[in-house]
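Quick note: the coordinates plus some simple rules give every number you see, no bench work behind them. Everything numeric in this text was worked out from a predicted model, so none of it was measured. A quick note on method: Cβ atoms are made from the backbone with ideal geometry, for glycine too, and the neighbour counts reach across all protein chains shown.
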Amino acid sequence: MVHSTIKKCLVGAAVLATCAVLSTSAMAKDLRGWNIHVEDYPVSHGMEAFLAEVTEKTDGAIKGKVFHGGVLGSQPDAIEQVRLGAIDFGVFSLGPMGQVVPEANVVSLPFIFKSVPDMYRLMDGEAGAALSAGLEAKGIKALGYYDAGARSFYNSIKPINTPADVEGMKVRVMNNDLFVGMIESMGGNATPMAFAEVFQSLKTGVVDGAENNPPSYESTNHFEVAKYYSLSQHLIIPECLCMSKRTWDSLTPEQQAIVAEAGKNSTDLQRKLWQEREAASMKVVMDGGVQVNEIADKSAFQDAMKPVYDQFLNASPELADLVALFQAN
């Protein structure tokens, strides 16, 4: 009788142990992360650091892999997959994100940020929280806003210090009505074209100038054919370290706290790495004979954007309060 009782107890203990293992296994998460960039890139290093911290602090209960180079699909497809929970996290430019989350379009407005530090301050504060709420309503949890650089004007004619300096210039822009309107509001001739065509177009005079961040200006060798780089910083469009809301909601409160902290630490790291990358690119272009000029007071450029903002708000009046929040802080 005693032996029978002991045997039952041992069997019961084994069942409980098995259930505990199964329960732990069921709670373990193997995350899939989407990234458009190559592995050796500030964004990529930030994402890897994020996942490593989460894995370490959850004792391996949450682990996974970052898939670099867009191998899990295009950015629009990946955004949709994150909303559905098929991809757990990723880093997305807030430019294309505007197709799904209207609030994200606000940061594509020219000169909405006065500088990169201004972008950090706004995106880490009340304005960024309001934008994050718009993302969350569409099934996307923002964990941090990465630095994707500031786009500035470069051309083959002269430095740009005021909006009047753009008058008459043929400037290549991305194919977006906002950016076309930006150039036209300063009296320039906006020329949308594929990025791959810009170098030859600058070299042959099809366009006088273009605009981009320092690493892009340097790595494409555009600085060899457009020797004036004016730091207008007219477009500062952050990238979002995002998690699927479905994945986020499946985490325990303790795990959510770990993920949130890792997101902040990852953002701090990525911003530092991006600044280092920009500084290296600026050294290359300046050593290459480029004339670089700062624009300390951007108020004239901001004033010139009134028609662009009016057109934007006429089309999206529901975003007026969010635009005002960004401008007021």
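Let me know the shape class of the chain, please: from the alpha-carbon gyration tensor, a ≥ b ≥ c as square roots of the eigenvalues, rounded when a/c is under 1.5, otherwise prolate if a/b is greater than b/c, or oblate. The shape class here is prolate. Relative contact order of the chain: 23 percent, from C-alpha pairs under 8 Å at least 6 residues apart in sequence. Our coupling estimate for segment 78-95, obtained by passing each phi through the Karplus curve with A = 6.51, B = -1.76, C = 1.60 and θ = phi - 60°, is 5, 4, 5, 5, 5, 4, 7, x, 6, 10, 7, 7, x, 10, 10, 5, 6, x Hz, Gly and Pro reported as x.
Each label was represented as a point 7 Å from its Cα along the Cα-to-Cβ direction; for ALA279 and GLU254 these points are 4.0 nm apart. Classify segment 180-322 as rounded, prolate or oblate from the Cα gyration tensor: take a ≥ b ≥ c as the square roots of its eigenvalues, call it rounded if a/c is under 1.5, otherwise prolate when a/b beats b/c and oblate if not. Oblate shape, in that a/c is at least 1.5 and b/c is the bigger or equal ratio.
Once backbone amide H atoms are built at 1.01 Å from N, VAL207 has LEU202 as its partners under 5 Å, excluding neighbours fewer than 5 places away on the same chain. If both residues of a DSSP beta bridge must be in the chain, then about 55% of such bridges are antiparallel.
For LYS170, the aspartates and glutamates whose Cα falls under 13 Å of its own Cα, not counting residues fewer than eight places away in the same chain, are GLU184, ASP208, GLU211. Close amide H partners of VAL173, meaning residues 5 or more places away or on another chain with modelled amide H under 5 Å apart, are THR191, MET193. Here segment 220-285 is assigned +1 on the Cβ of each Lys and Arg and -1 on the Cβ of each Asp and Glu. Its dipole about the Cα centre then comes out at about 180 debye.
Between ASN212 and SER152, TYR154, the built amide H atoms are under 5 Å apart, and every one of these is 5 or more places off in sequence or on another chain.
When each of the peptides 311-322, 211-222 is scored by how many other beta carbons lie within 10 Å of its residues on average, the order from highest to lowest is 211-222, 311-322. Counting only alpha carbon atoms, the long axis of helix 306-315 and the longest principal axis of the chain meet at about 40°. Taking only the C-alpha atoms of segment 270-312, Rg followed by Dmax gives 15.8, 41 Å. Within a straight-line Cα-Cα reach of under 25 Å, LYS57 can be paired with the following lysines, leaving aside sequence neighbours fewer than 8 residues apart in one chain: LYS29, LYS65, LYS141, LYS245, LYS264, LYS272. Treating only the Cα positions of segment 27-171 as identical point scatterers, give the base-10 log of I(q)/I(0) from the Debye formula at each q in 0.12, 0.17, 0.21 Å⁻¹. Relative scattering, expressed as log10 I(q)/I(0), comes to -0.61, -1.06, -1.37.
Label separation (VAL71 vs GLN311): 4.1 nm, computed from points 7 Å beyond Cα along the C-beta direction.
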